[in-house]
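No lab work stands behind these numbers, since they all come straight from the coordinates. In this text the structure is predicted, and so the values were computed from the model without any measurement. Positions of Cβ are backbone-derived with ideal geometry, glycine not excepted, and every protein chain shown enters the neighbour counts.
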């Protein structure tokens, strides 16, 4: 059993450790609306959530499964926030654990080479002048050889020279999330854009997507100042949110 009693978060942020839950995002979104920052960590998720109603698969004590609830004023546009949070995770993995070959697949997945390592899901609710934004992260730590998933995947045990301590990893990621949220609130996505360019998984790749009820085929050409994906087609440049 993982012992989180030594966890130290910036500014004494309140956190909950759950033995098991449907998803950490669900836990925080069902709490009463509040301007307080709150963190939830789970040893196990029974119905982990991914983007576009997909399921996030994991095993008990084998992944980083956490969510951060952060209050943003309603005047703050959240475009690009999932990209900024993905970069926040990569920053920790590169600086603290000396990983490279990490890429971000717009809008919310972290890849090691061509294998998925982590994903981010953002949900928010609005009340008066405040947004209660929940930022969820699933990061594969040590899933084991018996783990089955249709998507090509990897975990830190396969790519790190020394496997990070799970509690230390949670602490570093959460504290960097808090710093990145403050930076995003002050400056938006624009200050993250250069870093995104260095880690852009889709850059230069051919894409096919549905856009305004039409099938679009084009080439990914980075993101704009607000985190929208730029796609060049034969006769247009499209910015997709």
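Points to keep in mind about this one:
- Highest average first, the peptides 210-223, 182-195 ordered by how many other beta carbon atoms sit within 10 Å of their residues are 182-195, 210-223.
- Packing-based order for 1-8, 120-127, using average beta carbon neighbours within 10 Å, highest first: 120-127, 1-8
- Peptides 39-45, 232-238 ranked from most to least packed give 39-45, 232-238, packing being the mean of other C-beta atoms within 10 angstrom over each peptide's residues.
- Calculated FRET efficiency for the pair residue 232/residue 60, C-beta based, R₀ 51 Å, to 0.05: 0.70
- Take the Cα of residue 114, step 7 Å toward its Cβ, do the same at residue 194, and the gap between the two points is 3.2 nm.
- Helical contribution to [θ] at 222 nm, DSSP H n ≥ 4, -39,500 (n - 2.57), averaged over the chain, rounded to 500: -7000 deg cm²/dmol
- For the stretch 194-241 versus the stretch 115-157, the spacing of their alpha-carbon centroids is 22 Å.
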